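The structure under discussion appears below in the form of structure tokens.
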Amino acid sequence: MSQAVLDALKARFGDAILETHSDFGDDTAVVAPEKWKEIGEFLRKDLEFDLPVDLCGVDYLGRLPRMEVVMHLYSIARRHRIRIKARVGDADMNQAELDSLTSIWPGMNWLEREVYDMSGVVFRGHPDLRRLLMYPEFEGHPLRKDYPANKTQPLVPYRTEEEAGITLEKQPPFGPDEGMSFPRQVWQRPEEN
């Protein structure tokens, strides 16, 4: 399918393409982390990969580099799909850093924030790198394999409306007994008529 893309990457970046394969029709290139952004620019501008489909972190505890950041891209015009991987981080996840791709694909903003939040990979140059899914006081990164399953997180008091910046009352279409409760409510049996 996208063997031509893999060949173009090898021709342009040489030794920075650490390995390639097309197992089960999934064309994949493992790239040197220091060339991550440069390869992204080439894929976007020269090979027309205009749709970032996904970005995730995969923890290989016990392997060095430990974390593998995996990006899936699609070219709408050429109908090509490619997977790009970069391996980062030592055993303690130090040096788990890559350059941000938000200047190439603005849609990478939330994807990079999710990988940072869940796996702890830092994206240098990201415009707003902060937690996305976990609350700010959350300790650790829950998708790492060494994250303890029974870890108790710090209790955080409910925020006031001023702190949250939004109304904390139920909004339509939810009634008082539907949807997520902010703040928590004690369920009471409805009165029978």
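When both residues are 6+ apart or on different chains and their Cβ atoms are under 7 Å apart, which pairs have a first residue that lies in the stretch 92-107 and is under 12 Å from Leu51 (Cα atoms), and a second that is among the acidic types (Asp, Glu)?
These pairs meet every condition: Ile104/Glu41.
How many residues are within 19 Å of the chain's Cα centre (by Cα) and in a strand (DSSP E or B) if we restrict to the stretch 2-58?
Residues meeting the conditions: 12.
Every residue in the stretch 59-89 that is loosely packed, with under 14 Cβ neighbours inside 10 Å and more than 19 Å from the chain's Cα centre (by Cα), please.
Here is the first cut: in the stretch 59-89, the residues loosely packed, with under 14 Cβ neighbours inside 10 Å are 60-64, 76-77, 79.
Those that are loosely packed, with under 14 Cβ neighbours inside 10 Å and more than 19 Å from the chain's Cα centre (by Cα): Gly62, Arg63, Leu64, Ile76, Ala77, Arg79.
Pairs please, first residue from the stretch 133-161 and over 23 Å from Met67 (Cβ atoms), second anywhere and exposed (fewer than 10 other Cβ atoms within 10 Å of the Cβ), Cβ atoms under 7 Å, 6+ apart in sequence or on different chains.
Glu137/Pro154; Tyr158/Pro183; Glu161/Thr167
Can you find, within the stretch 16-58, the residue that is surrounded by the most Cβ atoms within 10 Å (Cβ to Cβ) among those that are under 21 Å from Glu112 (Cα atoms) and among the β-branched types (Val, Ile, Thr)?
Per the criteria, the residue is Val31.
How many residues does the stretch 29-44 hold that are over 13 Å from Arg12 (Cβ atoms) and touching a residue at least 60 places away in the same chain (Cβ under 8 Å)?
4
Residue by residue, here is whether (1) out of contact with any Leu (no Cβ under 8 Å at 6 or more places or on another chain); (2) assigned to a helix (DSSP H, G or I) holds:
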| residue | (1), (2) |
| --- | --- |
| Asp92 | yes, no |
| Ile104 | yes, no |
| Trp110 | no, yes |
| Tyr116 | no, yes |
| Pro127 | yes, no |
| Arg131 | yes, no |
| Met134 | yes, no |
| Glu139 | yes, no |
| Asp146 | no, no |
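Can you tell me how many residues within the stretch 148-165 are surrounded by 10 or more Cβ atoms within 10 Å (Cβ to Cβ), modelled with pLDDT under 80 and either assigned to a loop (DSSP other than H, G, I, E, B) or touching a Leu at 6+ places or on another chain (Cβ under 9 Å) (or both)?
4
On the basis of being part of a loop (DSSP other than H, G, I, E, B) and within 26 Å of Thr152 (Cα to Cα), does Ala77 make the cut? Working first, answer last.
Details: part of a loop (DSSP other than H, G, I, E, B): yes; within 26 Å of Thr152 (Cα to Cα): no.
No, not satisfied.
So which residues in the stretch 51-73 are among the acidic types (Asp, Glu) and either at pLDDT below 95 or under 19 Å from Gln95 (Cβ atoms) (or both)?
Restricting attention to the stretch 51-73, the residues satisfying the condition of being among the acidic types (Asp, Glu) are 54, 59, 68.
Within the stretch 51-73, Asp59, Glu68 qualify.
The values are calculated or read from the model by the stated rules, or taken from the named source; none is laboratory data. Note that the structure is a prediction, hence the values are computed from the model and not measured. Cβ atoms come from the backbone with ideal geometry, glycine included; neighbour counts cover every protein chain shown.
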